[in-house]
Amino acid sequence: VVDIRKLYAQTGMFTLDPGFMSTAACSSSITYIDGDKGELLYRGYPIDQLAVKCDFLETSYLILNGELPNAKQKAEFNDLVTRHTMVNEQLQFFLRGFRRDAHPMAVLTGLVGALSAFYHDSLDITQPKHREISAIRLVAKMPTLVAMAYKYSIGQPYVYPKNDLSYTGNFLRMMFATPCEEYVVNPVIERALDRIFILHADHEQNASTSTVRLCGSSGTNPFAAIAAGVACLWGPAHGGANEAALQMLEDLLAAGGVDKLGEFVAKVKDKNSGVRLMGFGHRVYKNYDPRAKLMQETCREVLEALGLQDDPLFKLAMALEKIALEDDYFVQRKLYPNVDFYSGIVQRAIGIPTQLFTAIFALARTVGWIAQWDEMISDPDYKIGRPRQLFTGSPSRDVPDLDKR
Ligand code: ACO
């Protein structure tokens with residue numbers, strides 16, 4: 001590993017690495033990925049074990065604190081998060097300023113940024129207590145904000161959090177209950193969504209997390225930094241891929257389903273078409289994304305529990321995966337399904353509208369963002385992120401008079 005700071009000090013050299021293909025921007029002890037093996041660890045624990053043995057709040061505790069909670073710590077953490085699920089009543093007036101047909105990620109970017117206008121008492125980032133309470137507030141309030149954005153988009157009244165429900169059960173109720181009809185939480189759906197949250201909780205220095213770190217490195221408050229992360233996540237090459245993957249599968253189904261897969265794959269392989277197989281490929285994984293495997297299992301479980309085992313989209317996705325994994329184009333480039341390939345199918349079965357998929361991702365990733373931000377701020381040697389550039393413009397020249405231009 002080259003210490004770039006030393007290299008620069010000694011030689012005046014710096015590296016040009018567009019897209020950070022081979023440059024680490026920080027050191028971190030939170031999440032480890034071995035892209036060749038297809039391994040993902042949060043604080044040393046494999047994702048497949050966490051997804052089966054823990055719930056999202058236990059996983060959040062682990063990501064934030066470095067160790068899994070014992071029973072007492074778990075109960076206290078659940079209680080702490082639950083006590084912060086409400087948002088300031090004024091926020092609904094801010095929300096009302098948006099068009100009802102605005103994309104939920106546009107709304108969420110605004111709402112999360114607006115939190116810094118409401119929680120002045122936790123903005124001093126030099127105080128560990130402030131950082132801690134901001135982290136709890138963000139984790140606790142994200143489900144409320146996402147559900148509020150959804151309710152607003154369909155013209156229904158907001159549903160307030162109910163503190164005797166689990167984190168995920170509460171979110172489902174805030175999404176789907178109405179003043180006329182209570183929502184009974186289905187444990188299979190609750191567990192599946194909770195697992196989706198676990199799988200998305202952190203993923204080391206991806207684009208949105210790096211955005212949070214860079215934004216936070218100026219010393220801005222955590223709500224502003226997380227809002228920047230939400231904005232970055234929205235893009236189709238990142239969190240927006242789950243929405244795009246489901247859209248791709250739906251379009252394929254409408255165009256003829258399995259019979260059209262060969263034609264579609266040929267189009268993906270044609271670089272001039274501009275078409276990518278959404279939900280496939282990853283900057284780090286050059287093997288099967290372990291989250292995609294768990295997502296595929298969760299998809300099967302949810303569809304079976306809901307009596308939808310013959311779901312044509314799931315069948316189509318499986319057939320498409322099989323064709324791609326046997327095709328030289330994908331084999332040579334080590335392109336495998338990523339977490340987004342199956343997540344849209346599960347979320348659709350749960351009843352979550354497609355437009356909200358990326359907001360669900362943001363909800364889950366908030367804990368990773370805030371843990372990474374806190375890790376950076378807690379480092380006494382952290383510096384403002386300030387990339388250099390390789391200048392390709394004009395050399396110095398004199399400004400001509402107006403009549404000579
Ligand atoms: N479909 C078709 N070809 C692909 C795909 C794909 N999904 N992904 C990569 N390739 C090809 C590229 O065309 C390139 O081919 P070449 O070497 O012949 O030029 C090669 O594989 C390498 O691809 P890059 O774009 O250089 O890889 P990079 O690491 O920059 O991109 C990314 C990774 C953005 C995830 C890419 O694979 C992609 O666009 N996938 C589809 C979108 C997606 O699913 N995003 C979600 C990622 S996971 C997440 O954010 C949670």
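The values are calculated or read from the model by the stated rules, or taken from the named source; none is laboratory data. Source: prediction; values computed, not measured. Counting neighbours? That spans all protein chains shown, and the Cβs are built from the backbone with ideal geometry, glycine included.
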Scan of segment 27-58 for residues that are hydrophobic (A, V, I, L, M, F, W, C) and buried (at least 18 other Cβ atoms within 10 Å of the Cβ), ordered by number: 30, 33, 40, 47, 50, 51, 54, 56, 57
Test result for residue 298, of a type in the set (Ser, Thr, Tyr), within 14 Å of the ligand (Cβ to nearest atom) and touching a residue at least 12 places away in the same chain (Cβ under 8 Å): no
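Every residue, every condition in (1) surrounded by 23 or more Cβ atoms within 10 Å (Cβ to Cβ); (2) without any contact (Cβ under 8 Å) to a residue 24 or more places away in the chain, yes or no:
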residue: 200; (1), (2): yes, no
residue: 208; (1), (2): yes, no
residue: 222; (1), (2): yes, no
residue: 239; (1), (2): yes, no
residue: 242; (1), (2): yes, no
residue: 247; (1), (2): no, no
residue: 250; (1), (2): no, no
residue: 265; (1), (2): no, no
residue: 271; (1), (2): no, yes
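Here is a list: 316, 320, 294. Which entry is under 21 Å from residue 199 (Cα atoms) and of a type in the set (A, V, I, L, M, F, W, C)?
294
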Single match in 198, 189 (criterion: closer than 29 Å to residue 385 by Cβ, part of a helix (DSSP H, G or I) and either aliphatic (A, V, I, L, M) or away from the ligand (no atom under 12 Å from the Cβ) (or both)): 198
Selection from segment 140-181 of residues that are among the charged types (D, E, K, R) and at pLDDT 95 or above: 141, 151, 173
Any hit, segment 272-286, residues being of a type in the set (Phe, Trp, Tyr), under 26 Å from residue 104 (Cα atoms) and more than 15 Å from the ligand (Cβ to nearest atom): no
Within segment 236-259, tally of residues that are more than 21 Å from residue 299 (Cβ to Cβ), more than 10 Å from the ligand (Cβ to nearest atom) and either in contact with a helix residue (DSSP H, G or I) (Cβ under 6 Å, 6 or more places away or on another chain) or in a loop (DSSP other than H, G, I, E, B) (or both): 1
Residues of segment 1-19 satisfying the condition of being of a type in the set (Val, Ile, Thr) and in a loop (DSSP other than H, G, I, E, B): 1, 2, 15
Residues satisfying the stated conditions in segment 321-361, i.e. in a loop (DSSP other than H, G, I, E, B) and either within 11 Å of the ligand (Cβ to nearest atom) or buried (at least 24 other Cβ atoms within 10 Å of the Cβ) (or both): 327, 333, 334, 335, 336, 338, 339
Residue check, residue 22 part of a loop (DSSP other than H, G, I, E, B) and polar (S, T, N, Q): yes
Residues of segment 163-186 classified as of a type outside the set (Lys, Arg) and not in a loop (DSSP other than H, G, I, E, B), total: 9
Which numbered condition residue 291 fails, given (1) near the ligand (Cβ under 10 Å from one of its atoms); (2) of a type outside the set (Val, Ile, Thr); (3) not in a helix (DSSP H, G or I): (3)
